[in-house]
């Protein structure tokens, strides 16, 4: 664990100063309020060998005074998910020398009501504890030294004056309130105490309208990173961004932004990432790029998916640093320029869902490419063999085009990192040897309407991580092997187990019938009916004869029938009431499940964006492994 903000994480072995007893007891009270299923706090205790709290996991002390200055119990998602549960004890308020507090990513559930005693705090992170609530950020008013504040996913829906409280933090540099259900601001022009300090601002996933702009532009000289993804911004992007010359990252994706990109964006010469996906931008694409003329050397990520940008793909060579280019689901046309090959730093290329024509270029020009999405266009021609040189490629989609020709082992020779293969709805013919062993392990295979037959592709047997497989309408007409999984019907010529169609040469074993002599059959049938008649007659008169000639038996019998009737009525009524309660609970559970799904999505989405940001730095993706297939189609 590395020191942060100049703090020492451990007391020197030869130092005489140990932790303060009062602070040790405060930490033990904090631990007592928690549920630690995985022993993350096993080093905390009252035993003799655990007396020095400065040696406890996650605790840091001042070397000279022994005061606890750091408590870092954040949950790392890089290892395994072992969260702490329970309430945040008020005993933490006794740690008055605390400068660094990070409890993020756990499962604490309580109301945050008081932090005033922690006036020395410089770093506070309670983010990603979705069951934490805070009704008023006034509790931050005494934290005048705070430079980093992260309350992401904490419920702040009732904190109507949140912006006033933030305005009173004069040293604040980084603010993250993503997915907090923040209400829209009502007084954006309030006086500020930190206009020259704020550099990182993340307000994504809230309910903020375009009125946030007037507050945002107060930080024109200091802001470096602005994330307003997933809010309720409307109308055109303001020209006032031109004054924010320090910006390196802007995210306005998934809003209701419309119109054209302001010309003022040419002044943002330090811009590295521009995320405008999921809006309603309407402009010729070459004009859009001209307004980014000032960022040609710095821009690394351009994401404008799901807009209404139109026109042909222009020359991109001047954007020499571009690593992520995503323009899916627009109205782009024309062919892929040959000059694309000069963007050798590209890691992600997404052109899906447009009207791009022409043949595929030589994609080996992109040695760092990990994600290639060209599906749902009008591409034609054959697949270049050099595609097999993309050893880092993980996601490869050319589905729903007009590609033709033969795909051989050469096309996949070095694709050892490939996990997603989507070639459906093309006229491609796959020609692999029967003993071919692919260099990859795929998670998803989509080869519908390609030509794989007539033999069942044996190489599929080598794929151990499949979660989705579609090889429908592909001309397979021979025996389906026993190693295949749950196959759906569709190819009428498929035969062999587990399908019901028998293949030629498979013998149907028929058991010989057991013959019975006719005379013996008549004798057995006659005896059966005679026995049945005698049994019915004897049983009837035994029961009803007793009731006719014995009055007490007759009364007991009809009493028994009354009890049966009453029991049936009561049981039916109780069952009906129970069923109604279950139906009501089911409806409530369905509503609750939809709300929980939304909550989970809003919690996970920003972390996925963080994963994508991290992968841009390391140019490698991390893909979870699924061990059993969930869909297998043969049509």
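At-a-glance table
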read-out	value
Three-way shape call for region 261-367 based on the alpha-carbon gyration tensor, with the a/c threshold at 1.5	oblate
Cβ-based exposure ranking for 40, 308, 350, 178, in which fewest neighbours within 10 Å come first	308, 40, 350, 178
Region 318-361: relative contact order as a whole-number percent, Cα under 8 Å and 6+ apart	53 percent
Compactness of region 84-235 - radius of gyration and Dmax, Cα, Å	14.8, 49
Relative contact order (percent, whole number), region 210-291, Cα cutoff 8 Å, 6+ residue spacing	29 percent
Ranked 61, 450, criterion: other C-beta atoms within 10 Å, fewest first	450, 61
Separation of alpha-carbon centers, region 331-368 and region 51-120, rounded to whole Å	49 Å
Residue exposure sequence - 31, 99 - by fewest surrounding Cβ within 10 Å	31, 99
Relative contact order [Cα under 8 Å, 6+ residues apart], region 326-409, whole percent	27 percent
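Since every read-out is calculated from the coordinates, none of them should be taken as a lab result. Being a predicted model, the structure only gives us computed values, none of them experimental. Neighbour counts are summed over all protein chains in view; Cβ atoms, including those assigned to glycine, are modelled from backbone coordinates with ideal geometry.
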